[in-house]
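> My structure is below; once you've seen it, I'll send some questions.
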Amino acid sequence: MRTTLTLDDDVARLLEHARRRRGGSLKQLVNEALREGLTRLEAPPTPRKPHVTKAVSLGRCLLDNVDDVAEALAAADGERFH
């Protein structure tokens, strides 16, 4: 099949660089790149292991009521607040 493509400048540079490195024709390289890229696009995503955060004990709460912001800030600063 014959078609005309308009390539972005960065893609054209990458193709030209790859063609010089590997040799062969531009047609051959474009077909190979498209074949590999389309195969990867159609492949199911690689399953990823879920991230697991280990639980740690923080000890008992040092405040009776953490809803009292002033008391929580005072305790964080090492002050005694009542």
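> Within the range 34-49, work out how many residues are modelled with pLDDT under 95 and small (Gly, Ala, Ser).
1
Yes/no matrix, rows are residues, columns are (1) of a type outside the set (Gly, Ala, Ser); (2) surrounded by 11 or more Cβ atoms within 10 Å (Cβ to Cβ); (3) at pLDDT 95 or above; (4) not in a loop (DSSP other than H, G, I, E, B):
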residue	(1), (2), (3), (4)
Leu5	yes, no, no, no
Arg13	yes, yes, yes, yes
His51	yes, no, no, no
Leu62	yes, no, no, no
Glu71	yes, yes, no, yes
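> Further, regarding this structure: Do we find that Ala72 is free of Cβ contacts under 8 Å to residues at least 40 places away in the same chain and under 30 Å from the mean Cα position of the chain (by Cα) in this structure? Walk me through it before giving the result.
On the way: free of Cβ contacts under 8 Å to residues at least 40 places away in the same chain: yes; under 30 Å from the mean Cα position of the chain (by Cα): no.
So Ala72 fails the test.
> Can you list residue pairs whose Cβ atoms sit under 7 Å apart, with the first residue in the range 14-43 being within 16 Å of Thr4 (Cα to Cα) and the second being among the small types (Gly, Ala, Ser)? Count only pairs 6 or more apart in sequence or on different chains.
Leu29/Ala18
> Somewhere in the range 18-36, is a residue in a loop (DSSP other than H, G, I, E, B) and acidic (Asp, Glu)? If you could, list the steps in order and put the result at the bottom.
Here is the first cut: in the range 18-36, the ones in a loop (DSSP other than H, G, I, E, B) are 23-25.
Now narrow it down to the ones that are acidic (Asp, Glu): none.
No, the conditions are met nowhere in the range 18-36.
The values are calculated or read from the model by the stated rules, or taken from the named source; none is laboratory data. Just so it is clear, the structure is predicted and the values come from calculations on it, not from any experiment. Cβ coordinates were reconstructed from backbone atoms using ideal geometry, including for glycine residues, and neighbour counts include every protein chain displayed.
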